[in-house]
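Here's the structure we're looking at; comments come further down.
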């Protein structure tokens, strides 16, 4: 069995995929330690020609071809094929930090029983951005936390990248990306991980490098994209209906996920040509989403109260926040 399965969805990233694949092979590990599962999500450029060049050299690369179906379907198909003990999701326009996997294997924590190992994610432009920091929240490296504990401490992630997932943990709870969701799927997936995980551990060393580019799907600003957030709300509603035995704490995490998604929708709105809280409220159908039933032990309860009682005022509070500090 391989130690690592690196799952890479590919869609029209011919300018980045070579560096992405090269970064996985620059981990100081023999090919026998890991596998790369490339999921071709209907690419129409030269991305797959570059992938096949690597296939001529390495026998630990596997390719799945699918019609353009989105990153959730691609990752889930990759998970279905994966045989590694640990799973890493890597976007084809990003890369892994050089030598990070060999460093992880040298640590004592690698032999402990954990569900998720969270590492540092940095920007690829001289490491100017540290994504999702945790030290300021009192979270300590190499100590175990449940997802509920991290939720109560205020640690949120908007990306599944930069983490190492125990494949047995994902399979035991059938944790997959929501295939009917095409925007914000990582937020929903991480929330599902939170409600089931009892052993999340942190390590300070960088694992993941984010490429900042204007064409990236996560950085396109189009007011019409706000409609897509409704898919997340519908998914969460149906998930809660189908899982009637969830605890109050687990339900609080899923409900708080709605709060986070509304924030992201406001961010998209303020970066579009249409800047209208009343139109956004109608698009998101917030009459059906609100109120947010929020666990009062979680920091920021006053924000949820404001959202529940006066969306237009909350809208401008969030706009002011994002004007000072970018959400991403």
Here is a list of conditions, (1) part of a helix (DSSP H, G or I); (2) crowded, with 20+ Cβ neighbours inside 10 Å; (3) at pLDDT 90 or above, and residue 237 meets all of them except one; can you say which number that is? (2)
Given 93, 65, which one is in contact (Cβ under 8 Å) with a residue 12 or more places away in the chain and either in a strand (DSSP E or B) or over 17 Å from the mean Cα position of the chain (by Cα) (or both)? 65
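Please go through region 173-189 and pick out each residue that is within 19 Å of residue 264 (Cβ to Cβ) and either under 14 Å from the mean Cα position of the chain (by Cα) or not in a loop (DSSP other than H, G, I, E, B) (or both).
Step one: list which residues in region 173-189 are within 19 Å of residue 264 (Cβ to Cβ), which gives 177-178, 180-189.
Listed by number, the residues that qualify are 177, 178, 181, 182, 183, 184, 185, 186, 187, 188, 189.
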Does region 273-290 hold any residues that are surrounded by 13 or more Cβ atoms within 10 Å (Cβ to Cβ) and either at pLDDT 80 or above or within 28 Å of residue 150 (Cα to Cα) (or both), and which are they? 276, 277, 279, 280, 281, 283, 284, 285, 286, 289, 290
Scan (1) assigned to a helix (DSSP H, G or I); (2) at pLDDT 90 or above; (3) surrounded by 16 or more Cβ atoms within 10 Å (Cβ to Cβ) for the single condition residue 225 breaks and write down its number. (2)
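Confirm whether residue 132 is more than 13 Å from residue 164 (Cβ to Cβ), surrounded by 22 or more Cβ atoms within 10 Å (Cβ to Cβ) and assigned by TED's automatic domain parsing to the domain that holds residue 162.
On the way: more than 13 Å from residue 164 (Cβ to Cβ): yes; surrounded by 22 or more Cβ atoms within 10 Å (Cβ to Cβ): no; assigned by TED's automatic domain parsing to the domain that holds residue 162: yes.
Here the answer is no, as residue 132 does not meet what is asked.
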Apart from one, (1) surrounded by 15 or more Cβ atoms within 10 Å (Cβ to Cβ); (2) modelled with pLDDT of 95 or more; (3) within 27 Å of residue 172 (Cβ to Cβ) all hold for residue 16; the odd one out is (3)
So, in region 258-272, of the ones that are assigned to a helix (DSSP H, G or I) and modelled with pLDDT under 85, which residue ends up surrounded by the fewest Cβ atoms within 10 Å (Cβ to Cβ)? 267
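So which of 192, 170 ends up being closer than 19 Å to residue 80 by Cβ, touching a strand residue (DSSP E or B) at 6+ places or on another chain (Cβ under 9 Å) and part of a helix (DSSP H, G or I)? If you could, list the steps in order and put the result at the bottom.
Values: 192 fails: touching a strand residue (DSSP E or B) at 6+ places or on another chain (Cβ under 9 Å).
The match here is 170.
The values are calculated or read from the model by the stated rules, or taken from the named source; none is laboratory data. These numbers come from a predicted model, not from an experiment. Every residue, glycine as well, gets a Cβ built from its backbone with ideal geometry; the counts of neighbours run over all protein chains shown.
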